[in-house]
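Take a look at the structure below.
The values are calculated or read from the model by the stated rules, or taken from the named source; none is laboratory data. Note that the structure is predicted; figures quoted are calculated from it, not measured. In case anyone asks, the SASA skips ligands and DNA or RNA and just uses the protein heavy atoms, side chains included. Shrake-Rupley method; radii C 1.70, N 1.55, O 1.52, S 1.80 Å.
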Amino acid sequence: AQTVTQSQPEMSVQEAETVTLSCTYDTSESDYYLFWYKQPPSRQMILVIRQEAYKQQNATENRFSVNFQKAAKSFSLKISDSQLGDAAMYFCAYRSAVYNQGGKLIFGQGTELSVKP
Amino acid sequence: GAGVSQSPSNKVTEKGKDVELRCDPISGHTALYWYRQSLGQGLEFLIYFQGNSAPDKSGLPSDRFSAERTGGSVSTLTIQRTQQEDSAVYLCASRHDWTRDTQYFGPGTRLTVL
């Protein structure tokens, strides 16, 4: 079974600075997808960024980028120029590419990010 | 267009009562998922519907939990004889189809069992 681990329950960053959230996963599959979701106090899960395992290039979305190390099974999220609105719980998630797995997401425990003005 | 909606937003019930939680997915999305978010267990998958196929119920924690999806659209998650450990946020997500893998989440229903 696949597992996702986020070892940082809480992180803090100064506004305009850069912060990196860590995520490791365990799988025997070679093809899969990885995601970072953001959950503000409103509870709405918002997709931040996604990575396809067969792509070596790291995904980027504006201020958000990932460092995907497939051999090390590591998938960290870097937030540049942090903003107050970035404060939220961040979840790393894994999704198998195998059709009969149904596409369900396996989540890490989450990292609570606070942004100091 | 409209996103995933869930109702009620909050539900307080007494132990032993049955509850129904509703999810309206994004129009045209063929896949629908239920997840549970609790302090002790984190975010966990409950059940998955894909088109007219039999649902994947592998994540349901007990036979007190059931779900249905009518007409390939609205879904209802039913918890019978609620227990205090059922207290959690229940999240629904929908996905367009297998080739477009992003799941879009609703705001969740916070269930409190007294």
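Using a 1.4 Å probe and ignoring any ligands, DNA or RNA, find the accessible area of B:Arg36 and quote it in Å² to the nearest 10.
20 Å²
Enter the accessible area per residue of the stretch A:3-116 (Å², integer; probe 1.4 Å; all protein chains in place).
Spelled out: the 1.4 Å probe surface of the stretch A:3-116, per residue, equals 48 Å².
Mind jotting down the three principal axis lengths of the stretch B:1-111 based on Cα atoms? Whole angstrom, largest first.
40, 27, 25
What is the distance in Å between the Cα centres of the stretch B:55-114 and the stretch B:3-24?
10 Å
Could you grab the relative contact order for chain A? Cα pairs under 8 Å, six or more apart, rounded to a whole percent.
Reported relative contact order: 37 percent.
For chain A, taking Cα atoms only, what is the radius of gyration to one decimal and the Dmax to the nearest whole Å?
My reading of the Cα-based Rg and Dmax gives 13.8, 46 Å.
Over the stretch B:5-113, average the accessible area per residue using a 1.4 Å probe and give it in Å², no decimals.
46 Å²
Residue by residue through the stretch A:85-97, what is 3J(HN,Hα) from phi via Karplus (6.51 cos²θ - 1.76 cosθ + 1.60, θ = phi - 60°)? Round to whole Hz and write x for glycine and proline.
So the J values, rounded to whole Hz, are x, 7, 4, 4, 8, 10, 10, 8, 9, 10, 9, 5, 8.
The stretch B:56-89: which residues show an accessible-area loss of 20 Å² or more, assembly versus chain alone, 1.4 Å probe?
B:Asp56
From the phi of every residue in the stretch B:81-92, what ³J(HN,Hα) in whole Hz does the Karplus formula 6.51 cos²θ - 1.76 cosθ + 1.60 yield, where θ is phi - 60° and glycine or proline is x?
Values, residue by residue: 6, 4, 10, 4, 6, 7, 4, 4, 9, 9, 10, 10 Hz.
Take the solvent-accessible surface of the protein heavy atoms, probe 1.4 Å, and return the percent of it on chain A that carbon and sulfur atoms account for.
Here it works out to 47 percent.
Can you run phi through the Karplus equation (6.51, -1.76, 1.60; θ = phi - 60°) for the stretch A:33-48 and list ³J(HN,Hα) in whole Hz, with x for Gly and Pro?
10, 10, 9, 10, 10, 10, 10, x, x, 5, 6, 5, 6, 10, 5, 9
Quick one: compute the contact order of the stretch B:5-113, relative version, from alpha carbon pairs under 8 angstrom and 6+ residues apart, as a percent.
Contact order relative to length: 37 percent.
Not counting ligands, DNA or RNA, and with a 1.4 Å probe, what is B:Phe49's accessible surface area in Å² rounded to the nearest 10?
For B:Phe49, the solvent-accessible surface is approximately 20 Å².
Can you give the accessible area buried between chains B and A, summed over both chains, with a 1.4 Å probe, in Å² to the nearest 100?
Using a 1.4 Å probe, the pair buries roughly 1800 Å².
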